[in-house]
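One structure is given here, and the rest of the page talks about it.
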Amino acid sequence: MKGIKEIFPSLRYGDFIIVAAVLVISIMLFVFSFSDGESLVAQVSLDGEAVRQVRLYELTEKESIRVGGCEILLERDGVTFLSSECPDKLCVNRGKLKKAGDTMACVPERVTVTLQSEKGGKIDAVVF
């Protein structure tokens, strides 16, 4: 059986340490990216007035609510506009909100949904 030095003759001992460290860090980042460490709260507003506030982490099953002309699906891992009476359907095509600070609106129907952290942490910036 060949040794590692025979398989990779140009690599030194320090190179193997660097490769192992990068591999371990990559695996850790991959595993932690799936953890749902945030306790999210969805705030649904109509005409700028809060209509409903839902703690997503407390949901046991999917819940669909109707606000204005929009149907909104609330799930443990996020919020989605299912349908809207507006002509362009941008809110429906936006996809699922999953992280604190995510916001989506159906402007013609005057409905907005904002995800916030239960801890009340402030948002530094939102980038689209």
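The values are calculated or read from the model by the stated rules, or taken from the named source; none is laboratory data. These numbers come from a predicted model, not from an experiment. Note: ideal-geometry Cβ built from the backbone for every residue, glycine included; neighbour counts use all protein chains shown. For the accessible areas, the whole protein counts, side chains as well, though only heavy atoms, and no ligand, DNA or RNA atoms are used. Shrake-Rupley method; radii C 1.70, N 1.55, O 1.52, S 1.80 Å.
Please give me the summed charge of the neighbours of Ser83: other residues whose Cβ is under 10 Å from its Cβ, Lys and Arg +1, Asp and Glu -1.
Numbers: positive: Arg66, Lys89; negative: Glu71, Glu85.
Once all neighbours under 10 Å are counted, the net charge is 0.
Can you tally the net charge around Leu46? Count Lys and Arg as +1, Asp and Glu as -1, for every other residue whose Cβ sits under 12 Å from the Cβ of Leu46.
0
If packing is taken as the average count of other Cβ atoms within 10 Å, what order do 87-96, 22-31, 73-82 fall into, highest mean first?
Answer by packing, highest mean first, reads 73-82, 87-96, 22-31.
Considering the chain as a Gaussian network with a 10 Å cut-off on Cα pairs, which listed residue, Ala20, Ala50, Ala42, attains the greatest mean-square fluctuation?
Ala20
Find the Rg to Rh ratio for the chain, where Rh is the Kirkwood radius over alpha-carbon pairs and Rg uses the same atoms.
We get a ratio of 1.28 for the chain.
Hey, what's region 68-120 come to in accessible area per residue, 1.4 Å probe, Å²?
51
Normalised by the residues of the chain, what does the relative contact order come to in percent, with Cα pairs under 8 Å and at least six apart?
In percent, rounded to a whole number, it is 21.
On the accessible surface of the chain, probed at 1.4 Å, how many percent belong to carbon and sulfur atoms?
Within the chain, the accessible surface is 59 percent carbon and sulfur.
If I fit a long axis through the Cα atoms of helix 13-32 and take the longest principal axis of the Cα atoms of the chain, what angle between them do I get, 0 to 90°, rounded to 10?
Long axis of 13-32 versus the principal axis of the chain: about 20 degrees.
What's the ranking of 101-113, 59-71 by average number of surrounding C-beta atoms within 10 Å, highest first?
Highest-to-lowest ranking by the protection proxy: 101-113, 59-71.
Which residues does a label at Tyr57 reach in region 72-109, if reach means a backbone N under 20 Å from a point 7 Å past the Cα toward the Cβ?
Only 74-80, 97-103 pass the distance filter.
For the chain, can you list the cysteines whose C-beta has no other cysteine C-beta under 4.7 Å from it?
Cysteines lacking a close Cβ partner in the chain: Cys70, Cys86.
Please get the size of the charge dipole for the chain, origin at its Cα centre, with Cβ charges of +1 on Lys and Arg and -1 on Asp and Glu, quoted in debye to the nearest 20. Write down the numbers at each step before the final one.
On the way: 16 positive and 18 negative charges, 103 e Å.
Charge dipole of the chain: 500 debye, to the nearest 20.
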